[in-house]
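Trainee: My questions all concern the structure below.
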Amino acid sequence: MLKSKTFLKKTRAGGVIKIVHEHYLRDDIGCGAPGCAACGGAHEGPVLEPHPLDLASSLCPQPHYLLPDTNVLLHQIDVLEDPAIRNVIVLQTVLQEVRNRSAPVYKRIRDVTNNQEKHFYTFTNEHHRETYVEQKEGENSNDRNDRAIRVAAKWYNEHLKKISAENQLQVIFITNDRKNKEKAIEEGIPAFTCEEYVKSLTANPELIDRLACLSEEENKIESGKIIFSEHLPLSKLQQGIKSGTYLQGTFRASRENYLEATVWVHGDAEENKEIILQGLKNLNRAIHEDIVAVELLPKNQWVAPSSVVLHDEGQNEDDAEKEEETERILKTAVNEKMLRPTGRVVGIIKRNWRPYCGMLSKSDIKESRRHLFTPADKRIPRIRIETRQASALEGHRIIVAIDGWPRNSRYPNGHFVKNLGEVGDKETETEVLLLEHDVPHQPFSQAVLSFLPKMPWSITEKDMKNREDLRHLCVCSVDPPGCTDIDDALHCRVLENGNLEVGVHIADVSHFIRPGNALDQESARRGTTVYLCEKRIDMVPELLSSNLCSLRCNVDRLAFSCIWEMNHNAEILKTRFTKSAINSKASLTYAEAQMRIDSAAMNDDITISLRGLNKLAKILKKRRIEKGALTLSSPEVRFHMDSETHDPIDLQTKELRETNSMVEEFMLLANISVAKKIHEEFSENALLRKHPAPPPSNYEILVKAAKSKNLEIKTDTAKSLADSLDRADSRTFPYLNTLLRILATRCMMQAVYFCSGMDNDFHHYGLASPIYTHFTSPIRRYADIIVHRLLAVAIGADSTYPELTDKHKLAELCKNLNFRHKMAQYAQRASVAFHTQLFFKSKGIVSEEAYILFVKKNAIVVLIPKYGLEGTVFFEEKDKPKPRLIYDDEIPSLKIEDTVFHIFDKVKVKIMLDSSNLQHQKIRMSLVEPQIPGISVPIDTSNVGINEPEEKKMKLEK
């Protein structure tokens, strides 16, 4: 049956066109109930259970299916995802509305409907002849959709009677809309609110905790005092943004100070790019990553970024007076040059809430159901939740979602989602850091795995089409110890004309991952492999990452080769690219390769090849540095693990050898060569990587720090920075140069992927290269797979596809890749921090030499070279007399009593694990030397459990 609507539309040119919308209605759409004779098994995919007996509801004791409306799906997804909830009918009307309103919830509901154990059935009610409804005159689309959902619910109940009258199968309509529920009951449809239904499930009381509290009444709390000003409606915000009264931007909360945030203003305007917000009332209930509208305050109310470290540790939920007192601390006298544009949040344009990991701070009131939840991410405020299982959840990591934030509440309200496990447990903590950094880490689905090649695999004649056979070459790989995902291999040989041939051979991942299939989509979503201290979260399934794509020795593998002809002065005479087949003759570690190069006794083909490569690499590096490439430093640590417990037993900074540099030089050269080639062929669609030059203000701290040691650092170009860093040496203080390079690294901008057709600035500042991309690590970076595809098309080795030449799609992809790379970096740092804590937990208290990296108003940030560890030494502690502190931002320096601290000063600190706060166990550092009465601590290892309550000590020792 065909329904059609016809209407006329006037064109810009003044003509009239006739538009016909056709809507097909069918009789053969199944209801999803197995054994339904009326439908004749028309349904496909997951279906409902024939006898749903698992939920004992006091409101509806007979077997039943659930049919939720759109708002229940949007707001109570945590309840619906619970294993206890099964047999749910998801209407097409509801699914379409959810898709339009929330992409994350839509993805979650699709995952649930694809899970066969949940028995969720998607019913196409908009195309079923008996459930389709037309919009009535004067009826808005919301009311029409509500009516469509009720019609479907009524049809289901009548339809199910045909299956079996004595079975009494019912469909229960779940809605939180009071009017919709009343209309449903009038029409004879059994209907309940989500809360009524969940509370009737007496066998599953834990489900009540997962309910989102949405009504204003529930969101209000007893203390009626208004703390925050009202958020303006979206229409007013949009008008204000258009007229320039308000600015739109992304809200970024501070990790260091819970009363401060910045808003990064959207758009290209140079002025007021970053706006500071200070004080609870000005933050006005915005949460990290929300899109907000801000109003600029008059210039006489502008403030400077605070140097005070403040964490929200108040026990009283609504102690607003104390907040005001704390806020006064921020308003210290500052130099006028330090003042920044300051504003206040007037409204929220888009909430970017996500589920948060953290711990419950159990209420002191006996039998109380209301408790505060403290997120692991310090940028997120504490959240008030209601739960009956507080005692069981104490000392555990849990997930909580935010429901709303009323004006009269100091904290937002939320609900419990999931218990992750006991705090401090390695598996639990790893899960927390992966969730907190939004790292996709679920096992690969069957749909993804179905696109992997069938085993046993070997190179076929078809694979060799458009491919050179280079298996005769003496190729070898050089990697860190234990590396199984070997992306790259190298060779170097002397040609008959006396020149050198150098080849970089990269795993041909794009041969196995074809555009657009489920494996490709999943790899693009993950974006990068994430390396934690003891775990690797692969971007591609293990069959590819550690086997078929890994360039292991003595097996035939497919590669993409970049081959140069060079003279002995490392000048490139010819470059060619080819898909190839190789057979690596050796998989070496950096140490093994170095040993071969250094050993006079070894003169085999592999060693000769390595020596040739090493000689050329030194020339390439020297030339690169002369052009202005930066050699920066960051302390990287390596853990030595106990083979049985897998706990860290030693911690030291990573040693870098010549061979590290050798591999790096050829990878850089290959990346630059490929970047030039793909940009020549695809000037608008090349995926490139750039590193923007930092703004001069970023270097202030470096210049001031060097000046305090009578050294001059020039920062007008990368070359002048590199040269002045090379000159900044001190015979009496050899480590100073490393410290300067570490500090210079902190001044840098983030390198990012971009599409060549969407940007004019291609320059890579750190490498001093006019163009750059990533080609050499396709097993662990999705950007490289796209670059491989572009290069393959450029040399005629593969065919193109529409998305590859769509610059807008490529720009979107780059945005996700940049986000995933940043999150992977943060997750890796968090993993190092957690393992460092485990190390010091077993080691007890140690004292080590450290150097000051930064001075703050009430603290110094130090680096301990031995462990590559950074930490903060605080000089103001609760319940202790405050010392006399004088902070000078110009030098910068901090005077404590009569001792002055400058950046790079050498100090001695005591390091220990502070477990007084189970949620944020941290490495605590105290000053040992220089000795300042009342500040410095003696070296005493007897008080290992400092600030550790007796009860919590026992928990940690379990």
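The values are calculated or read from the model by the stated rules, or taken from the named source; none is laboratory data. What you see is a predicted model, and the numbers here were worked out from it, not measured in a lab. Methodologically, a virtual Cβ is constructed for each residue, glycine included, from the backbone with ideal geometry; neighbour enumeration extends over all protein chains shown. Surface areas here come from the heavy atoms of the whole protein model, side chains and all, with no ligands, DNA or RNA. Shrake-Rupley method; radii C 1.70, N 1.55, O 1.52, S 1.80 Å.
Trainee: Pick from segment 713-723 the residues that are assigned to a loop (DSSP other than H, G, I, E, B) and not β-branched (Val, Ile, Thr): which of them is surrounded by the most Cβ atoms within 10 Å (Cβ to Cβ)?
Mentor: My answer is Lys714.
Trainee: From the list Ile398, Ile385, which one is over 22 Å from the mean Cα position of the chain (by Cα), of a type in the set (A, V, I, L, M, F, W, C) and more than 30 Å from Ala581 (Cα to Cα)? Before you say what the answer is, go through the steps one by one.
Mentor: Details: Ile398 fails: over 22 Å from the mean Cα position of the chain (by Cα).
So the residue among Ile398, Ile385 that is over 22 Å from the mean Cα position of the chain (by Cα), of a type in the set (A, V, I, L, M, F, W, C) and more than 30 Å from Ala581 (Cα to Cα) is Ile385.
Trainee: Within segment 667-683, is even one residue in a loop (DSSP other than H, G, I, E, B), touching a residue at least 40 places away in the same chain (Cβ under 8 Å), assigned by the TED database to the domain that holds His764 and not charged (D, E, K, R)?
Mentor: The answer is yes; a qualifying residue exists.
Trainee: Here is a further query. Between residues in segment 577-604 that are outside any helix (DSSP H, G or I) and residues that are modelled with pLDDT of 90 or more and of a type in the set (Phe, Trp, Tyr), which pairs lie under 9 Å by C-beta distance while being six or more apart or on different chains?
Mentor: Within 9 Å, the pairs are Phe577/Phe560; Thr578/Phe560; Lys579/Phe560; Ser580/Phe560.
Trainee: Give, as residue ranges, the helices (runs of 4 or more DSSP H) completely inside segment 99-205 that count at least 2 residues that are at pLDDT 85 or above, open to solvent by 20 Å² or more (accessible area, probe 1.4 Å) and more than 20 Å from Leu80 (Cβ to Cβ).
Mentor: 141-161, 178-186
Conditions (1) assigned to a loop (DSSP other than H, G, I, E, B); (2) among the aromatic types (Phe, Trp, Tyr), marked per residue:
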| position | (1), (2) |
| --- | --- |
| Ala783 | no, no |
| Arg789 | no, no |
| Ser799 | yes, no |
| Lys815 | no, no |
| Gln825 | no, no |
| Phe834 | no, yes |
| Gln837 | no, no |
| Ser842 | no, no |
| Ser847 | no, no |
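Trainee: Could I ask something else about it? State all residues of segment 728-745 that are in contact (Cβ under 8 Å) with a residue 12 or more places away in the chain and either open to solvent by 40 Å² or more (accessible area, probe 1.4 Å) or touching a His at 6+ places or on another chain (Cβ under 9 Å) (or both); if no residue qualifies, say none.
Mentor: Tyr735, Thr738, Thr745
Trainee: Quick check, is Ser477 of a type in the set (Gly, Ala, Ser), at pLDDT 95 or above and touching a strand residue (DSSP E or B) at 6+ places or on another chain (Cβ under 7 Å)?
Mentor: On the way: of a type in the set (Gly, Ala, Ser): yes; at pLDDT 95 or above: yes; touching a strand residue (DSSP E or B) at 6+ places or on another chain (Cβ under 7 Å): yes.
Against the criterion (of a type in the set (Gly, Ala, Ser), at pLDDT 95 or above and touching a strand residue (DSSP E or B) at 6+ places or on another chain (Cβ under 7 Å)), Ser477 qualifies.
Trainee: Just wondering, is there one or more residues in segment 598-621 that are open to solvent by 70 Å² or more (accessible area, probe 1.4 Å), under 31 Å from the mean Cα position of the chain (by Cα) and modelled with pLDDT of 90 or more?
Mentor: no
Trainee: Same structure again: Pick out the one residue from Phe901, Phe854 that is under 22 Å from Thr732 (Cβ atoms), buried (at least 18 other Cβ atoms within 10 Å of the Cβ), modelled with pLDDT of 80 or more and not assigned by the TED database to the domain that holds Ala705.
Mentor: Of Phe901, Phe854, the one residue that is under 22 Å from Thr732 (Cβ atoms), buried (at least 18 other Cβ atoms within 10 Å of the Cβ), modelled with pLDDT of 80 or more and not assigned by the TED database to the domain that holds Ala705 is Phe901.
Trainee: Then there's this: Give me the residue from segment 236-256 that is open to solvent by less than 70 Å² (accessible area, probe 1.4 Å) and free of Cβ contacts under 8 Å to residues at least 60 places away in the same chain and, out of that set, farthest from Val345 (Cα to Cα).
Mentor: Filtering segment 236-256 for residues that are open to solvent by less than 70 Å² (accessible area, probe 1.4 Å) and free of Cβ contacts under 8 Å to residues at least 60 places away in the same chain, the one farthest from Val345 (Cα to Cα) comes out as Gly244.
Trainee: Say whether the condition of being in a helix (DSSP H, G or I), within 25 Å of Glu542 (Cβ to Cβ) and in contact with a Pro (Cβ under 9 Å, 6 or more places away or on another chain) is met by at least one residue in segment 448-459.
Mentor: yes
Trainee: Leu310 - would you say it is modelled with pLDDT under 90, crowded, with 16+ Cβ neighbours inside 10 Å, under 21 Å from Lys350 (Cα atoms) and not basic (Lys, Arg)?
Mentor: Values: modelled with pLDDT under 90: yes; crowded, with 16+ Cβ neighbours inside 10 Å: yes; under 21 Å from Lys350 (Cα atoms): no; not basic (Lys, Arg): yes.
Taking the combined requirement at face value, the residue does not satisfy it.
Trainee: I'd like to check something: does segment 48-55 contain any residue that is open to solvent by 10 Å² or more (accessible area, probe 1.4 Å) and assigned to a helix (DSSP H, G or I)?
Mentor: Taking every residue of segment 48-55 in turn, none turns out to be open to solvent by 10 Å² or more (accessible area, probe 1.4 Å) and assigned to a helix (DSSP H, G or I).
Trainee: Restricting the search to segment 575-597, which residues are in contact with a strand residue (DSSP E or B) (Cβ under 7 Å, 6 or more places away or on another chain), surrounded by fewer than 18 Cβ atoms within 10 Å (Cβ to Cβ) and farther than 30 Å from Lys465 by Cα?
Mentor: Across segment 575-597, the qualifying residue is only Thr589.
Trainee: Does Leu2 meet the test of being open to solvent by 60 Å² or more (accessible area, probe 1.4 Å) and at pLDDT below 85?
Mentor: Answer is yes for this residue.
Trainee: Turning to a different aspect of this structure: For a quick check of your reading of the model, give me the residue pairs whose first member lies in segment 98-116 and is in contact (Cβ under 8 Å) with a residue 24 or more places away in the chain, whose second is in a helix (DSSP H, G or I) and of a type in the set (Gly, Ala, Ser), with beta-carbon atoms closer than 9 Å and at least 6 apart or on different chains.
Mentor: Going by the 9 Å Cβ cut-off, the qualifying pairs are Asn114/Ala447.
Trainee: Any residue in segment 171-190 that is in contact (Cβ under 8 Å) with a residue 12 or more places away in the chain and aliphatic (A, V, I, L, M) sitting within a Cβ distance under 9 Å of a residue that is in a helix (DSSP H, G or I) and open to solvent by 90 Å² or more (accessible area, probe 1.4 Å)? List the pairs, counting only those 6 or more apart or interchain.
Mentor: Short answer, once both residue conditions are applied: Ile189/Lys183.
Trainee: Could you please find all residues in segment 330-382 being within 30 Å of Gln301 (Cβ to Cβ), open to solvent by 60 Å² or more (accessible area, probe 1.4 Å) and at pLDDT 80 or above?
Mentor: Arg340, Arg344, Lys350, Arg351, Trp353, Lys378
So that you can scan it fast, the table gives a plain yes or no per residue for (1) of a type in the set (Lys, Arg); (2) touching a helix residue (DSSP H, G or I) at 6+ places or on another chain (Cβ under 6 Å):
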{"site": "Trp353", "(1), (2)": "no, no"}
{"site": "Leu360", "(1), (2)": "no, yes"}
{"site": "Arg370", "(1), (2)": "yes, no"}
{"site": "Thr387", "(1), (2)": "no, yes"}
{"site": "Ala390", "(1), (2)": "no, no"}
{"site": "Val417", "(1), (2)": "no, yes"}
{"site": "Thr430", "(1), (2)": "no, no"}
{"site": "Leu435", "(1), (2)": "no, no"}
{"site": "His441", "(1), (2)": "no, yes"}
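Trainee: Condition test on Ala811, is it part of a helix (DSSP H, G or I) and touching a residue at least 60 places away in the same chain (Cβ under 8 Å)?
Mentor: When the stated conditions are applied, Ala811 does not pass them.
Trainee: Give the number of residues within segment 693-712 that are assigned to a loop (DSSP other than H, G, I, E, B) and surrounded by fewer than 15 Cβ atoms within 10 Å (Cβ to Cβ). First the steps, then the outcome.
Mentor: First, pick out the residues of segment 693-712 that are assigned to a loop (DSSP other than H, G, I, E, B): 693-695, 709-712.
After this cut, where a residue has to be surrounded by fewer than 15 Cβ atoms within 10 Å (Cβ to Cβ) as well, the list is 695, 710, 712.
Result for segment 693-712: 3.
Trainee: Here are some residues: Leu804, Leu767. Which one is buried (at least 17 other Cβ atoms within 10 Å of the Cβ), assigned by the TED database to the domain that holds Glu681 and assigned to a loop (DSSP other than H, G, I, E, B)?
Mentor: Matching residue, one of Leu804, Leu767: Leu767.
Trainee: Given (1) farther than 25 Å from Lys709 by Cα; (2) within 35 Å of the chain's Cα centre (by Cα); (3) part of a loop (DSSP other than H, G, I, E, B); (4) in contact (Cβ under 8 Å) with a residue 24 or more places away in the chain, identify the lone condition not met by Glu876.
Mentor: (4)
Trainee: When residues of segment 542-565 are filtered for being open to solvent by less than 10 Å² (accessible area, probe 1.4 Å) and either within 17 Å of Ile582 (Cβ to Cβ) or modelled with pLDDT of 95 or more (or both), how many remain?
Mentor: 12
Trainee: Do we find that Ile923 is crowded, with 18+ Cβ neighbours inside 10 Å, aliphatic (A, V, I, L, M) and modelled with pLDDT under 85 in this structure?
Mentor: yes
For (1) in a strand (DSSP E or B); (2) modelled with pLDDT of 90 or more, each residue gets a yes or a no:
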| site | (1), (2) |
| --- | --- |
| Ala269 | no, no |
| Ile275 | yes, yes |
| Arg285 | no, yes |
| His288 | no, yes |
| Val292 | yes, yes |
| Glu295 | yes, yes |
